[in-house]
Amino acid sequence: MAVCIAVIAKENYPLYIRSVPVQNELKFHYTVHTSLDVVEEKISAVGKAMADQRELYLGLLYPTEDYKVYPSHMIIVYYTPVCMFFILIENILLYRHTRYGYVTNSKVKFVIVADSSNTSLRDNEIRSMFRKLHNSFTDVMCNPFYNPGDTIQSKAFDSMVSAMMVQAS
Amino acid sequence: MADEALFQFLHNEVIQYIYKSSEHGEMENGRCITKLENMGFRVGQGLIERFTKDTARFKDELDVMKFICKDFWTCVFKKQIDNLRTNHQGIYVLQDNKFRLLTQLSAGKQYLEHAPKVRKRNGGKLTCQALFIPGQLSPHEWFSLPLSLQYLAFTCGLVRGGLSNLGVKSIVTAEVSVMPACKFQVMIQKM
């Protein structure tokens with residue numbers, strides 16, 4: 001059900017962004033960007049709680065009137081002022097998106113924007129998606145030809161993300 | 001059990017290779033230790049990403065250091081750090097009484113005999129940090145360095161890389177008093 005998946009680095013710039021409906025890419029970038037604030041808030045709040053396995057997974061970021069966002073990655077999209085209005089209207093009527101977040105111990109954030117019109121998407125499924133993302137990201141990190149901080153250009157990572165998006169739609 | 005020996009052989013060969021390249025004057029002498037340390041840094045970053053995949057979030061710096069001493073050291077060297085000391089102001093000393101990478105070198109004073117030459121010049125304990133400044137040591141001194149410090153550079157980088165990926169900027173130095181015991185000193189840098 002993932003419509004958009006993003007990987008954000010520790011310094012809050014995107015390492016990897018992919019969204020399925022390409023024409024709305026800008027909107028997803030925007031939503032992921034705004035969800036970063038919520039991620040930061042959750043991280044700082046979590047520091048006071050007891051250490052827990054589930055702290056890596058942040059869950060539903062916050063519900064908005066049109067889109068729910070799960071912070072995991074950030075996507076950056078460019079909007080043109082004129083058509084954005086129409087696109088937004090269209091999507092409010094047709095879709096409701098949920099955003100999920102996940103932060104690793106190395107402060108890399110994953111954001112998944114999912115289409116909530118398929119209500120069968122459960123917490124476990126989202127968690128397993130994040131786990132797969134984390135595993136693939138770890139593999140990318142251990143690649144000696146990858147410099148930490150570069151954009152991710154691994155084919156294996158791409159195919160894993162495509163599999164997650166296809167399964168959703 | 002065999003995989004430990006593999007890394008030890010590789011590690012020794014890497015040091016020999018860098019040592020030999022410096023003999024031919026291909027690079028400045030202070031750079032050899034820096035090269036080893038930077039190699040360790042990148043490896044440390046990747047290793048930490050893999051080891052912290054399923055662990056809970058870290059509460060504070062001390063938690064991070066404890067993780068390094070227990071889980072990280074166990075995964076890499078199959079044993080824990082024997083002693084962790086701190087002054088609670090950003091300096092940690094990790095003591096390993098039987099450092100895996102040094103056990104194959106002969107225990108005792110054989111290699112430490114070369115140390116006095118360099119110690120007199122620096123007027124104190126010789127640490128890896130002094131060697132990071134290029135040009136500090138003449139070629140003669142580099143070759144007469146206690147070999148044990150060359151063997152610790154990679155591990156210093158390993159610790160620094162792991163800490164950096166967890167968000168802790170640091171400087172890691174090492175010292176050897178009696179082989180195979182060694183101490184790693186971590187100085188946390190406040191941003």
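Near the amide H of A:Y102, within less than 5 Å, lie the amide hydrogens of A:L58, A:S72, A:F110, all on another chain or at least 5 residues away, with H placed in the peptide plane.
Peptide A:139-147 shows a mean partner chain C-beta count of 3 within 10 Å per residue C-beta.
Legend: mean number of C-beta atoms from other chains within 10 angstrom of residue C-beta atoms, peptide B:48-55, equals 6. Largest to smallest in accessible area, the residues A:C142, B:C182 fall in the order A:C142, B:C182 (1.4 Å probe, all protein chains included). The simple spin-label model puts a point 7 Å past each Cα toward its Cβ; for B:D3 and B:Q104 those points are separated by 1.7 nm.
What do you reckon, how do B:I48, A:I43 stack up by accessible area (1.4 Å probe), largest on top? Don't skip to the end; give the middle numbers.
On the way: B:I48 0, A:I43 35 Å².
The ordering from most to least exposed comes out as A:I43, B:I48.
The length gained by stretching the chain between B:V93 and B:M187 to full extension, at 0.36 nm per residue less their Cα-Cα distance, is 33.0 nm.
For the pairs A:K155/B:K70; B:K70/B:K169; A:K42/B:K59, flag any whose C-alpha to C-alpha distance is greater than 23 Å. Please list the in-between numbers first.
Details: A:K155/B:K70 35 Å; B:K70/B:K169 20 Å; A:K42/B:K59 14 Å.
Exceeds cut-off: A:K155/B:K70.
Between A:S154 and B:K66, the FRET efficiency from the beta-carbon distance, with R0 = 30 Å, is close to 0.35.
The values are calculated or read from the model by the stated rules, or taken from the named source; none is laboratory data. Predicted model only: the values in this text are computed from it and were never measured. Quick reminder, even Gly has a Cβ in these numbers, built from the backbone with ideal geometry, and neighbours come from all protein chains shown. All accessible areas refer to the heavy atoms of the entire protein, side chains included, with ligands and DNA or RNA removed. Shrake-Rupley method; radii C 1.70, N 1.55, O 1.52, S 1.80 Å.
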